[in-house]
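One structure below.
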Amino acid sequence: MKFQYDPSFAVNDDLARDLLKITEDSLAQTAAGYDEEAAEPAPGEVELPLRGADAIVAHIEINNRHGVGVLLERLFGRYRNVLSVRSENHFGGRQDFGDLDLCVSHESSSRDGWAASVREALGDNTVARVLCVPYYPDDVRNALALTSIFDCPLATYLMDDQNVCSDGISDELMSELLERSSLRLAISAELATCYEAKYGHRMWLMPPVVPARLIPPAPLASEECLAQPKTGAILGNIWGQRWLDLLRETVRESGVKLRWYSTNHLRYLSGSPESLAKDGIEIPLGPPLPDAELVELLRRTAFVVVPTGTLDEEDDRKFIAQLSLPSRIPFILATSQTPFLVLGSEQTGAARFVREMETGVVAPYERRAFREAVARITEPECNTKLRRRALALSGRFADAGAAEWIWQSLDLGQPFDGRHEEWMRKPRPDIESLAKGRQAGRGLDGK
């Protein structure tokens, strides 16, 4: 099906004209001077050893099998002279990111041992600056060792909470990491305000970014998007077994069907495609779709379901749900304008974002509430309003220039400009109440 821009959709009132102007201006400013062909890496093998490399420190392989990997590839995948350092392998070492990638773990070694392990793994390669996305304690150790060895600047980018609602990283290690960092970024307002309150260091906002080439500059009208109002989509991973169990109970016999698009599906979860299909959740056959094809599909979808945590005592992934913003939400919002139906607690990071940005609805894991939410979100007037709101926000998530924004902000020790602070900063959460339910946050697979 071919999508067309619907003029009546864009000029019904002054608000519609204003939001189109905002989006066009934002995209134009973000993409100014960006030449996609010029940004392609030069052909040929990179020369080793690396000299003055940008070191990206993460927990596992940077690939398209998890949100952190997708986002880091989107930010830095076009850059050369990049060293990737991780502490664990979850995908057999498969990674296409960076000019050189190393896996360094420390177990119970001393501080001197951290530096020795990193120095041995580096060989003759040198580092000029470091960006750390911490998830495991060894990610922090690797970042601190690199900055110590090369006396270079460090930026920390929090994408998941492993310290406030989780004990995955100790207070001592997190405190040292943030103290040593010249720039401290967080993927959500909740993460920023919580860590700022706990550690006393200013945290700056850096939401997930989206390929600018996939962001439409005007509303998308489709006679098909509401042709199947009882069929929605799920995009990305479901990180908790209980989340999946509750989702199945909610969708079962509801009359609603969901198609689940992911690169992992049941990698960390119990269940089978056949058993999910009986509950109304279909896993399409074949390899994962390229972004462009996935976007076209989402644009023909009435709504997207985002399963998240319940934040009660039985929630096995509370520390993921509480403060983080799943990168799939800005991706869907900016590229397809498809409304969201978030399932779970209204206090999760995903639910708060969708509610405050007015891009969807939130419902508990309860069949009747789910049906009512689907009916509401697929009403033509409501669906159109949510899509227009998504368009108004979409330009703020464009990826063009985002990596350079991070590096120039690191040079300054503060954001290069206020593009994110001006619209995402929210009231400070209650740290004490969040910390009461602190969970062990060992790994993606629950171990």
> Label Ala375 and Lys257 with points 7 Å out from Cα along Cα→Cβ: what is the distance between them in nm?
Replying inline: 2.2
>> Can you list residues from other chains, or at least 5 along the same chain, whose modelled amide H is less than 5 Å from the amide H of Val210?
In response: Ala398, Asp399
>> Give me Ile234, Ile187 sorted ascending by neighbouring Cβ count inside 10 Å, so fewest comes first.
In response: Ile234, Ile187
> By average Cβ neighbour count within 10 Å, what is the ranking of 253-260, 301-308 from highest down?
Replying inline: 301-308, 253-260
> Got a sec to turn the phi values of segment 55-72 into Karplus ³J(HN,Hα) couplings, 6.51 cos²θ - 1.76 cosθ + 1.60 with θ = phi - 60°, whole Hz, x for Gly and Pro?
Replying inline: 9, 10, 9, 9, 8, 9, 4, 8, 8, 8, 8, 8, x, 4, x, 4, 5, 5
> When only Cα pairs under 8 Å and 6 or more residues apart are kept, what is the percent relative contact order across segment 209-334?
Replying inline: 36
> From the backbone phi of segment 318-328, what are the Karplus-calculated ³J(HN,Hα) couplings (6.51 cos²θ - 1.76 cosθ + 1.60, θ = phi - 60°) in whole Hz, Gly and Pro given as x?
Replying inline: 4, 5, 7, 6, 4, 10, 7, 10, x, 5, 5
> From the Cα gyration tensor of segment 83-189, with a ≥ b ≥ c the square roots of its eigenvalues, which class applies: rounded if a/c is under 1.5, or else prolate if a/b is larger than b/c, or else oblate?
Replying inline: rounded
> Pulled fully out, how much extra length does the chain show between Glu107 and Phe91, if you take 0.36 nm times their separation in residues and subtract their Cα-Cα distance?
Replying inline: 3.8 nm
> Each residue of segment 369-374 in turn: what ³J(HN,Hα) in whole Hz from Karplus with 6.51, -1.76, 1.60 and θ = phi - 60°, glycine and Pro shown as x?
Replying inline: 5, 5, 4, 5, 5, 4
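Ordered by packing density, taken as the mean number of other Cβ atoms within 10 Å over each peptide's residues, highest first, how do 133-145, 393-405 rank?
133-145, 393-405
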>> Can you list residues from other chains, or at least 5 along the same chain, whose modelled amide H is less than 5 Å from the amide H of Ser324?
In response: Asp161, Gly349
> Quick one: if you stick a label point 7 Å off each Cα along the C-beta vector at Asp312 and Ser275, how many nm between them?
Replying inline: 2.2
> What are the residues whose amide H is under 5 Å from the amide H of Leu158, where those residues sit 5 or more places off or on another chain and H is modelled from the backbone?
Replying inline: Leu185, Ala186, Ile187
> Once a ≥ b ≥ c are taken as the square roots of the eigenvalues of the Cα gyration tensor of segment 212-397, is the result rounded (a/c under 1.5), prolate (a/b larger than b/c) or oblate (a/b not larger than b/c)?
Replying inline: rounded
> Modelled label-to-label distance, Asp411 and Val46, 7 Å Cα→beta-carbon offset: nm?
Replying inline: 2.0
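All of the numbers you see were taken from the coordinates with simple rules; none came from a lab. Keep in mind it's a predicted model, so treat the numbers as computed, not measured. Cβ sites come from the backbone with ideal geometry, for glycine too, and all protein chains shown count toward neighbours.
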